[in-house]
1. Do you know which of the residues in segment 1-26 that are over 12 Å from residue 40 (Cβ atoms) and charged (D, E, K, R) is surrounded by the fewest Cβ atoms within 10 Å (Cβ to Cβ)?
2. Name the residues in segment 33-57 that are in contact with a helix residue (DSSP H, G or I) (Cβ under 6 Å, 6 or more places away or on another chain) and either outside any helix (DSSP H, G or I) or modelled with pLDDT under 90 (or both), would you?
Amino acid sequence: MDINYFLKRQQISLMRAKSARSVEARLAHEGLASGYANQLRRIAFPGLNGGAEPIRG
């Protein structure tokens with residue numbers, strides 16, 4: 001998967017978190033956004049993920 005996929009999904013999750021009607025939904029969308037941010041960091045800064053191989057996609 002490429003960086004644009006994770007950027008799009010992160011932005012959608014942040015928008016859904018902002019408009020969530022319940023605390024549970026907000027937390028779920030914030031968690032997804034955080035996961036996408038982690039993937040973005042792994043792609044953008046492959047040397048910072050503990051020596052693991054960068055994600056190829």
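The values are calculated or read from the model by the stated rules, or taken from the named source; none is laboratory data. Keep in mind that what you see is a predicted model, and the values were worked out from it rather than measured. Cβ coordinates were reconstructed from backbone atoms using ideal geometry, including for glycine residues, and neighbour counts include every protein chain displayed.
1. Step by step, filter segment 1-26, then rank; the result is 21.
2. Hits for segment 33-57 are 43, 49, 54, 55.
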